[in-house]
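The values are calculated or read from the model by the stated rules, or taken from the named source; none is laboratory data. Owing to the predicted nature of the structure, the values given are computational and were not obtained by experimental measurement. So basically every Cβ, Gly included, is an ideal-geometry build from the backbone, and we count neighbours across all protein chains shown. All accessible areas refer to the heavy atoms of the entire protein, side chains included, with ligands and DNA or RNA removed. Shrake-Rupley method; radii C 1.70, N 1.55, O 1.52, S 1.80 Å.
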Amino acid sequence: MILRAAVAALFCGHALPARSQVPGTEKPKGEDAIVELAPFAVVGNTSKGYGSTTVTSATRMNTKLVDIPQTITIINDVFLKDIGATELDEALSYAPGVNARNRGGNSSTNIRGFDSVFNYKNGTRIILGTAPDFSNVERIEVIKGPASAIAGRASTGGLVNYITKKPLMKHEQTITTFTVGSDDFKRAQLDYNTPVPGREENMAVRLISQATDSGWWRRGEDIKSFALYPSFLWKITPRTELLVETEFYESTRPNDWGMVYNTLDYKWVPFSFSSSEDVANLVTDHYSGTATISHTFNSFLSVRQVLNMIQVDSDSRFAQTDSINRAAAGNPMFSVGEVYLGRTLRHDIDDYRGVIAQGDILLTYDVAGIGMTNKTLLSYEWATTKTENLRNDATLANLSLSRPIYGIPPTNPRFVANTRTKQEVASYFASHQAGFFNERVMLTAGVRRDKTDGVERFNLATGTRSQDAASAVTHPRYGVVLKPLPNVSVYGVRSDNVEPKATVLRFGALPFDDPRQSTFTVSADTRLREVGVKSEFFNGNLTTTVAYFELKRFGGTISTLFGPAQNDPATAGLTETILRPADSTEGVEIEVVGTLFTPRLTAYGSYQRIDSESLVGNRILEFRGLPRWSASLLLNYDFRERARPGFQVRGGVVLTGDQQGDIDNTFLVASDPRYDFGVSYTRGSWQGTLNVNNITNAIVPTQFAAFRSNSVLPPRQFRLSVERTW
């Protein structure tokens, strides 16, 4: 093959002479064999059907799922392939307690009622609103609740960590996939893996690429993307490994504010309705490179160093929906009673640069005489980021919900901002896991210290500069795991996310230097308390999690006319900012993943019930846009006999409870059941797959945000794929 010849020329022609094979060479034994355990990364296929038994996100090292005192949902590549997911909201549609926000080109998530504004890739934070293309995703790990003791600030509700595909030493393999579907969907994907010729024992390369050209289910919107992911793995010695991963990703995609809900008449607009314009889209160029080197000295000491560099350039135009109105008599554009939207065209040009360095020292040791096992992880992280933003706004013509007219040129163009922002963060963290009684009792504790030099902002338009005060915050986490049986664990955990202190004006309507003005300091603190039971049955083929959680965020503020200072005649009648009681959610989650009754039947099932409280005005109300409960079930049955040709058939259902439609809890938004179906036929190296998702065209809101900004699962769509493995 041409690609194989190029690889051979690159790695074997001059730079690295091929090593001759020594007859009779044996694999190292004793301590040397320890390196095959890869303490920092999941290696090989630890997934069994939809289930996975190991995880890295919660501890930064390869850890059994039952040994971690926190709920973690794993969406692996088998599940992603079976449901035909190419977008984050589709991938998380069956996961309990986590909802993707798909408005404005944003890929952020809401976990247990709290927004998680950053995503992670292989444990390294990536820019807000970006996510790897799924062609290069091995699995998605979702930690429920703060993981700040490991990942740092801004993981209030939890975090989403993408684990990418790595080169494999096993053999040469090429997988090609072609997919077509509704909305003129077309996608081609290549996954090529090969050991380096002449270096089969210690070098491998992998090249993953995809190209997508598709329409979208809302008018005037489409997706075009191209991705290239080259990676290189070199086992320099039996104890030392170098992994280099690069990413080139370009895309043009829809960039509106999501599905519109007519809050004047309490009904959804049609799926095809768009509040945006043809010129509203998000163009992104994403480039990154990551080098990871790890070394195992012996059974006691292992080290790892990661260096990540990232550049993201984006050009974003979207129609921001500002108001929903009913036309009165005398309106020159609309008839009496007609409902229309007021809109602004927002144009942002962003340039993001970031460098992140991470280092880990892992100590593994026993204490003789008392049967105590220990793992101690000492880590650091240093990150520097720079962002430039240029923003301009304009006024768009009002848009009727019943007879929209697009293409009217915007008016009143205005410059808004041109700002450069810099930040540098240094973090140090340590975690320890101690096992007793043959690891039937396990205690974990961790703490992370984040120190920032303060965010520096430079206004390029005016030449003025400002900087936040430097800050340092500490995030603790500690938990216990009890194993009455080797494959059953009972756990409890407390984990915190702490934000830097901020100064708040008590009376927003008064100038800073007014003698009546005063300030106070706030520091947001999110605390998770959780207990649960995890189990692995049938040699890890069936995993279950049952958890009860309480998540509270303290240190928020609210503006009110009923604050304590209203008895003072000097400030009576002024809006006052005060500390609010904790915003909180609590609930139960159940997740069952694996094979049922027979190895041929694979299942993913989940249930969540959640209650929420927030102070609004002087009342305690539910969170807006948080489903009160959700449930899902996906079943896959394999009719194949050994290596013979045969079918697999799948069916799934997603159920979502009512959610509050606005902050004041004045109306509820219902959800319809969503039904999915899929069938695959495999013959030799060929596989054909048909997926039909949302068969009944149900409207399933995943996060409701009043009239203008609602994330919903896509309408009915089908995807037909043909795959061949070479």
TODO: Search segment 701-718 for residues being under 19 Å from Ala91 (Cβ atoms) and among the aliphatic types (A, V, I, L, M), and hand back the single one that is surrounded by the fewest Cβ atoms within 10 Å (Cβ to Cβ).
DONE: Val712
Task: Qualifying positions in segment 489-509 - farther than 27 Å from Lys451 by Cα, of a type outside the set (Gly, Ala, Ser) and open to solvent by less than 20 Å² (accessible area, probe 1.4 Å) - done: Tyr491, Phe507
- [ ] Identify all residues within segment 596-613 that are out of contact with any Lys or Arg (no Cβ under 7 Å at 6 or more places or on another chain), modelled with pLDDT of 90 or more and not aromatic (Phe, Trp, Tyr); write none if there are none.
- [x] Arg600, Leu601, Thr602, Ala603, Gly605, Ser606, Gln608, Arg609, Asp611, Ser612, Glu613
- [ ] May I ask you to say which residue of Thr296, Thr284 is β-branched (Val, Ile, Thr), open to solvent by less than 40 Å² (accessible area, probe 1.4 Å) and under 30 Å from Ser379 (Cα atoms)?
- [x] Thr296
- [ ] Go through segment 305-319 and count every residue that is open to solvent by 40 Å² or more (accessible area, probe 1.4 Å) and over 23 Å from the mean Cα position of the chain (by Cα).
- [x] 2
TODO: Only residues that are of a type in the set (A, V, I, L, M) and closer than 23 Å to Val473 by Cα: list them for segment 510-530, please.
DONE: Val522, Ala524, Leu528
Task: Meets criteria (free of Cβ contacts under 8 Å to residues at least 40 places away in the same chain and either under 25 Å from Thr560 (Cα atoms) or not β-branched (Val, Ile, Thr) (or both)) for Gln517 - done: yes
TODO: Could you tell me whether any residue of segment 170-185 is touching an Asp or Glu at 6+ places or on another chain (Cβ under 9 Å) and either closer than 25 Å to Asp351 by Cα or acidic (Asp, Glu) (or both)?
DONE: yes
- [ ] Scan segment 137-177 for residues that are more than 25 Å from Val447 (Cβ to Cβ) and touching a helix residue (DSSP H, G or I) at 6+ places or on another chain (Cβ under 8 Å) and jot them down.
- [x] Val137, Glu138, Arg139, Ile140, Thr164, Lys165, Glu172
Open item on the list: Here are the criteria: (1) open to solvent by 30 Å² or more (accessible area, probe 1.4 Å); (2) under 25 Å from Gly661 (Cβ atoms); (3) in a strand (DSSP E or B). Tell me which single one Pro581 does not satisfy.
Closed with: (3)
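The rows are residues; the columns are (1) under 28 Å from the mean Cα position of the chain (by Cα); (2) not small (Gly, Ala, Ser).
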| residue | (1), (2) |
| --- | --- |
| Ala397 | no, no |
| Leu401 | no, yes |
| Ile408 | no, yes |
| Ala417 | no, no |
| Val425 | yes, yes |
| Asp453 | yes, yes |
| Val473 | yes, yes |
Task: From the options Gly407, Gly435, residue that is of a type in the set (Gly, Ala, Ser) and in contact with a strand residue (DSSP E or B) (Cβ under 8 Å, 6 or more places away or on another chain) - done: Gly435
- [ ] Quick one: Ser685 ticks every box in (1) at pLDDT 95 or above; (2) more than 25 Å from the chain's Cα centre (by Cα) except a single one, so which number is it?
- [x] (1)
Task: Single match in Val441, Val498, Val488, Val522 (criterion: of a type outside the set (S, T, N, Q), within 30 Å of the chain's Cα centre (by Cα) and modelled with pLDDT of 90 or more) - done: Val488
Task: Search result, residues across segment 473-506 that are outside any strand (DSSP E or B) and closer than 30 Å to Gly435 by Cα - done: Pro486, Asn487
Task: Conditions (1) part of a strand (DSSP E or B); (2) under 30 Å from Tyr340 (Cα atoms); (3) open to solvent by less than 70 Å² (accessible area, probe 1.4 Å); number of the one not met by Arg414 - done: (3)
Task: Residues that are outside any strand (DSSP E or B), closer than 18 Å to Lys267 by Cβ and open to solvent by 10 Å² or more (accessible area, probe 1.4 Å), drawn from segment 666-700 - done: Thr666, Phe667, Ala670, Ser671, Asp672, Thr696, Asn697, Ile699
Open item on the list: I need a count of the residues in segment 548-575 that are surrounded by 19 or more Cβ atoms within 10 Å (Cβ to Cβ) and acidic (Asp, Glu).
Closed with: 0
Task: strands (runs of 3 or more DSSP E) wholly inside segment 177-266 that include at least 3 residues being touching a Lys or Arg at 6+ places or on another chain (Cβ under 9 Å), open to solvent by 40 Å² or more (accessible area, probe 1.4 Å) and without any contact (Cβ under 8 Å) to a residue 40 or more places away in the chain - done: 222-237
Task: Residue that is among the charged types (D, E, K, R), touching a strand residue (DSSP E or B) at 6+ places or on another chain (Cβ under 9 Å) and closer than 30 Å to Gln173 by Cβ, where the choices are Arg642, Arg674, Arg628, Arg724 - done: Arg724
Task: Near pairs, Cβ below 6 angstrom, 6+ apart or cross-chain, from segment 272-290 (within 30 Å of Gly359 (Cα to Cα)) to any residue that is among the hydrophobic types (A, V, I, L, M, F, W, C) - done: His286/Val312; Tyr287/Phe248; Ser288/Ile310; Gly289/Met309
- [ ] Report, by residue number, each residue of segment 618-664 that is open to solvent by 40 Å² or more (accessible area, probe 1.4 Å), outside any strand (DSSP E or B) and touching a residue at least 24 places away in the same chain (Cβ under 8 Å).
- [x] Asn618, Glu622, Arg628, Phe639, Arg640, Pro645, Asp658, Ile663, Asp664
